[in-house]
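K.L.:
Pasting a structure here, questions to come.
The values are calculated or read from the model by the stated rules, or taken from the named source; none is laboratory data. All figures in this text were calculated on a predicted structure; none of them were measured in a lab. Cβ coordinates were reconstructed from backbone atoms using ideal geometry, including for glycine residues, and neighbour counts include every protein chain displayed. Accessible surface areas use protein heavy atoms only, side chains included; no ligands, DNA or RNA. Shrake-Rupley method; radii C 1.70, N 1.55, O 1.52, S 1.80 Å.
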Amino acid sequence: MVVDKSLEAEYAPTKKKKAEEELEKRRKKITPGCLMKAIIRSGDGKANPADGDQVILHCTTRTLDGIIVDSTRSEHGGKDNPIRNVLGKSKMILGFVEGIPTMTKGEVAMFKMKPEIHYAEEDCPLTVSETFPKNDELHFEIEMIDFHKVKVIGEDLGVVKKIISEGQGWETPREPYEVKARIDVKTVDGKIIVSHIDEPYSFTFGKSELPKGLEVGIGTMTRGEKAAIFLSKSYMTKSSLWPMIEGYDEIQFEVELVHFIQVRDMLGDGRLIKRRVVDGRGDFPMDCPLHDSLLRVHYKGMLLDEEKTVFYDTRVDNYGQPLEFKSGEGLVPEGLEMCVRLMLPGEISLVTCPPDYAYNKFSRPSNVPEGAHVQWEIELLGFEMPKDWTGLTFQEIMDEAENIKNTGNRLFKEGKYELAKAKYEKVLREYNHVNPQDDEEGKIFLNSRNTLQLNVAACYQKMDEQRKSIETCNKVLEASPAHVKALYRRGMAYMLLGDFVEAKKDFEMMMKVDKTAEPDATAALLKLKQKEQETEKKARKQFKGLFDKKPGEISEVGSDVKDGSTPDDSKPETQNTMLEKEPGDKDHIDGNAAESMYEPDRTGLLGRLWPSGRRIFAALGLNKCSIL
């Protein structure tokens with residue numbers, strides 16, 4: 001079901017709006033005198049915390065006669081771990097919601113609260129033990145250690161980040177980037193636990209080498225950024241390269257992201273890996289090469305053997321000249337081109353490539369063994385953008401289109417159907433902005449567009465996507481209903497799908513609209529008839545023996561076809577044919593055979609009186625009916 005986004009926005013209140021409504025409802029419970037404040041020590045500033053600020057504070061709770069019932073301070077039985085809350089997001093008692101925003105940094109204040117605005121509040125978001133005197137009037141002594149703006153990374157506030165100094169760019173590390181960072185481990189109020197300031201810490205992102213929450217926080221940082229990442233206990237998970245830190249409910253990691261290396265798993269299965277060794281110029285990915293760009297690269301190819309044998313180096317084997325090639329034309333191994341198109345000018349990357357994306361499907365150098373895994377060290381020197389068609393004359397546009405189409409034709413002949421299709425489709429996209437000025441130009445333009453679309457249909461046929469081939473042919477026939485080649489190509493697609501009726505219609509229509517196409521149409525109809533006969537023969541052989549067994553014998557579909565053989569081994573299929581039934585098609589099954597298949601088992605009087613005797617007769621082959 002499709003949901004109207006405008007209606008969704010209008011009728012579904014946001015979380016923020018709900019939170020504001022709930023807070024307003026709670027504030028209505030406040031009565032004069034239920035919350036009183038006395039300043040014990042003034043703070044050192046004039047600013048007060050606001051919504052979105054993280055506040056760090058110590059709190060000691062007493063009864064009115066001075067008995068301490070709870071405290072964060074060690075001298076009062078606590079763990080000396082300050083409380084960390086984010087105003088507007090953390091769950092707090094109503095007295096804190098109203099009182100904390102009145103404090104300044106370093107201030108110590110005593111708040112006297114009636115039960116209805118602390119833990120005895122109706123629907124209080126926090127719970128306490130049964131022994132806690134929540135129905136008594138209490139004193140809360142609060143010290144405001146610090147407050148600052150933060151970025152909440154986890155909805156449960158388990159990971160919160162305070163930016164100390166901004167980094168460079170926008171890119172942040174992600175799996176499987178290699179990261180180098182200086183890390184200090186501190187208590188929430190800033191006491192150092194572990195320090196890595198002098199020696200940067202190196203790890204691979206996504207390998208669980210750091211606590212879960214710390215890795216999540218670093219994943220929001222840019223190169224050179226300094227930040228404090230606050231973690232609750234549940235996010236301080238065990239990691240392979242970091243010791244567990246015990247005895248703290250919350251910890252602050254002070255992090256400086258020194259550097260990270262972009263590592264990309266190009267296929268998602270760990271086989272084709274691009275590792276950026278030297279950064280390039282510009283912003284990724286905006287300044288990377290586009291499709292059909294002219295690229296200039298130096299590269300060194302190595303075998304992934306023990307010696308890392310070099311089999312080609314442009315600086316040595318190409319007279320020191322870089323390799324120049326156009327992307328999208330299949331002129332270099334697929335794995336190499338995929339990675340170069342994600343590089344910036346001046347970047348140097350190390351690419352590890354499996355054989356099927358290296359030289360298995362490409363012209364293999366004599367010193368590269370078959371099935372070899374290779375590594376390329378690639379430097380992108382620069383590239384030229386594809387020619388912009390804006391401002392070109394109609395004839396210049398047609399010349400450019402013809403050049404790209406010829407490249408597509410070469411790729412088609414080489415069996416690179418995806419690349420060929422991309423070339424044809426590129427021109428078709430550009431054609432959306434071409435406006436012929438007269439009838440002659442319109443005729444040339446229409447013929448060129450029809451040719452390109454039929455080339456796309458041919459690619460789909462080779463890729464065994466017959467439905468898409470038919471859809472593409474339909475575009476041509478919508479503009480030119482009597483287009484013979486479109487009818488022929490669509491008819492072939494129907495035939496390969498097994499829709500012989502529609503195929504026959506297209507081939508017969510060819511003869512009606514153009515008498516000169518009669519030989520091609522006749523040949524196509526002959527081929528169609530042969531295809532129908534082959535399909536029928538295949539079906540007969542598959543079901544051979546299903547209805548000609550003696551009574552009592554059981555036939556299995558395809559039992560006469562040997563394992564591993566095709567129904568007609570003397571004529572192997574040259575293309576995949578899909579015998580799909582269209583809605584309305586009927587199975588051509590002999591009527592008598594169908595009748596015998598569904599004939600009910602007739603049990604005689606003796607059979608009903610003596611069931612075991614019936615089974616004996618059946619075993620001897622004397623029963624009246626056989627069950628298939």
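K.L.:
What net charge do the residues around THR314 carry, taking every other residue with its C-beta under 13 Å from that of THR314, with Lys and Arg at +1 and Asp and Glu at -1?
P.N.:
-2
K.L.:
Sequence gap of 8 or more, or different chains, plus Cα separation below 16 Å: how many lysine pairs satisfy both in region 285-416?
P.N.:
Close lysine pairs found across region 285-416: 9.
K.L.:
Now a separate question. To the nearest 10 Å², what's HIS259's accessible area with a 1.4 Å probe?
P.N.:
70 Å²
K.L.:
A follow-up question, please. Counting heavy atoms of the protein chains only and a 1.4 Å probe, report the per residue accessible area for region 70-157 as a whole number of Å².
P.N.:
Ligands and nucleic acids excluded, the result is 48 Å² per residue.
K.L.:
Express the carbon and sulfur contribution to the solvent-accessible surface of region 366-506 as a percent, rounded to the nearest whole number, probe 1.4 angstrom.
P.N.:
Of the solvent-accessible surface of region 366-506, carbon and sulfur hold 46 percent.
K.L.:
Roll a 1.4 Å probe over the protein heavy atoms and report the accessible area of PHE96 in Å², nearest 10.
P.N.:
20 Å²
K.L.:
Now a separate question. Given the Cα-Cα distance of THR390 and LYS233 and 0.36 nm per residue of separation, how much length would full extension add, in nm?
P.N.:
Stretched fully, the THR390-LYS233 segment lengthens by 50.6 nm.
K.L.:
Using θ = phi - 60° and the Karplus form 6.51 cos²θ - 1.76 cosθ + 1.60, what ³J(HN,Hα) does each residue of region 385-393 get, whole Hz, x for Gly and Pro?
P.N.:
Karplus values, whole Hz, x for Gly and Pro: 5, x, 5, 7, 7, 4, x, 6, 6.
K.L.:
May I pose another question? If amide hydrogens are placed 1.01 Å from N in the peptide plane, which non-local residues have theirs closer than 5 Å to the one on LEU344?
P.N.:
Result for LEU344 returns GLY280.
K.L.:
Here's another thing I want to ask about it. So, for region 408-553, what is the accessible surface per residue at a probe of 1.4 Å, expressed in square angstrom?
P.N.:
Value for region 408-553: 58 Å² per residue.
K.L.:
Moving to a separate point now. Starting from the residue with the highest accessible area, list GLU137, GLU414 in decreasing order, probe 1.4 Å.
P.N.:
Ranked list, largest accessible area first: GLU414, GLU137.
K.L.:
Using θ = phi - 60° and the Karplus form 6.51 cos²θ - 1.76 cosθ + 1.60, what ³J(HN,Hα) does each residue of region 499-516 get, whole Hz, x for Gly and Pro?
P.N.:
Residue by residue, region 499-516 yields 8, 5, 5, 5, 4, 4, 4, 5, 5, 5, 5, 4, 5, 6, 7, 8, 4, 5 Hz.
K.L.:
Shape call for region 15-67 from the C-alpha gyration tensor, a ≥ b ≥ c root eigenvalues: rounded (a/c under 1.5), prolate (a/b greater than b/c) or oblate?
P.N.:
oblate
K.L.:
Related question: Note down, for region 210-360, the three equivalent ellipsoid semi-axes (square root of 5 times each alpha carbon gyration tensor eigenvalue), biggest first, whole angstrom.
P.N.:
Over the Cα atoms of region 210-360, the ellipsoid semi-axes are 40, 18, 14 Å.
K.L.:
Enter the Cα centre distance for the pair region 250-270 and region 159-205, rounded to the nearest angstrom.
P.N.:
Cα centres, region 250-270 to region 159-205: 10 Å.
K.L.:
Moving to a separate point now. Computed FRET efficiency, Cβ-Cβ of ARG41 and LEU267, R0 45 Å: what is it to the nearest 0.05?
P.N.:
Efficiency computed from Cβ-Cβ geometry: 0.15.
K.L.:
If I take R0 = 56 Å and measure r between the Cβ atoms of ASN432 and TYR201 in this structure, what FRET efficiency does the formula 1/(1 + (r/R0)^6) give, to the nearest 0.05?
P.N.:
E(calc), rounded to 0.05, equals 0.60.
K.L.:
Follow-up. Can you compute 3J(HN,Hα) from phi for each residue in region 50-59, using the Karplus curve 6.51 cos²θ - 1.76 cosθ + 1.60 with θ = phi - 60°, rounded to whole Hz and x for Gly and Pro?
P.N.:
Whole-Hz 3J(HN,Hα) from phi for region 50-59: 10, 3, x, 7, 8, 10, 10, 8, 9, 9.
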